[in-house]
Each structure stands twice: as structure tokens, then as C-alpha cells.
Amino acid sequence: MRCQALWFLCVAFAVILVSSASELSCAAADTERMLAHDVFFSLTDNSPQAKDKLIAACEKYLSGHPGTIWFAAGPLGEEFKRDVNDRDFDVALHVVFKNKAAHDQYAKAERHLKFIKETKPNWKKVRVFDSYVAVSSSEK
């Protein structure tokens, strides 16, 4: 009976260790994977001048943050009108960060907060898509 109890405890301990190690490795992987931060702005004033102003603000306040791997901002591609194209935005922002920690630092950075304060009055709708990404094997 003591052997069975001891065996049961060993198995239970092993299960706990494996599940804890798995959770830790997933958490560690999230901190090491690149994070794509895509933001789609619909503007109240969506004139060409207002779009250009927002793009310039993106470049001024949101580019060059520590941990940024890639940055781009630009207007909706007007010529793309297939059924699958989401056209419910005026300006898109794309930033790829080294990892989640770099994104989190960016989110509370003074320049990012200033961007929000200065540009938010013209936001009609904003959608944010964050995803973990990896460099494709053809680009390595």
C-alpha cells in the first residue's frame, strides 16, 4: 500500500512539473517572439490632408522606438476593392517589435501617449490587431 501511495505521489509530482515547465516555456516564448502591432484608423475628417497629417504624426511619434524591427504607416489602397478587402479605414499603422516587452514599453512611452493625445480628436474608429509573428524561412 505504501508503494502505491509513493508511486501515485511521484506520478502526480511529475505531471505538475511537466505542466509547469510547459507553461513557463510558453510564457518565455511569448517574450521572445516578434509582435506585429497593426492599427487601422477611420477618421472623422478623412480628407487627403487629414490622412497625410495622421501619417506624419505616426512617423514623428511612433517610429524609432526601442525594440522596433519594422515600421510603416500609409493610407488605404483605394484600388483594392475585392469582396475580401476590408475598406473600413483611412490610415494603417504597422509596427513589428522584437518582442512583447518592447511593445509594452512602446505602449506607455511618452511619444506614443503624445501621439494619442494629439490625433485622437479626429479618430472616428480605431482597430488594433496584435499578433505574434516569425520571419518566414525564405527570409532567414
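For this structure, a couple of remarks:
- Placed amide H near LEU76: partners under 5 Å, 5+ positions off or other chain: VAL91, ALA92
- Residue order, fewest to most surrounding Cβ atoms within 10 angstrom, among TYR132, TYR61: TYR132, TYR61
- Efficiency of FRET from Cβ geometry, ASP130 and ARG87, R₀ 30 Å, rounded to 0.05: 0.90
- Over the range 45-140: Kirkwood hydrodynamic radius from C-alpha pairwise inverse distances, Å: 14.9
- Label sites at GLU32 and LYS120, each approximated as a point 7 angstrom past Cα along Cα to Cβ, lie 3.7 nm apart.
- Dipole axis of the range 87-140 (+1 Lys, Arg; -1 Asp, Glu on Cβ), positive-most option in ALA134, ILE116, HIS94: ILE116
Readers should treat all values here as calculations from the given coordinates under stated rules, not as data from a laboratory. As the structure is a prediction and not an experimental result, all values here were calculated from the model. Don't worry about glycine lacking a Cβ; one is built from the backbone with ideal geometry, like all the others, and counts go over all protein chains shown.
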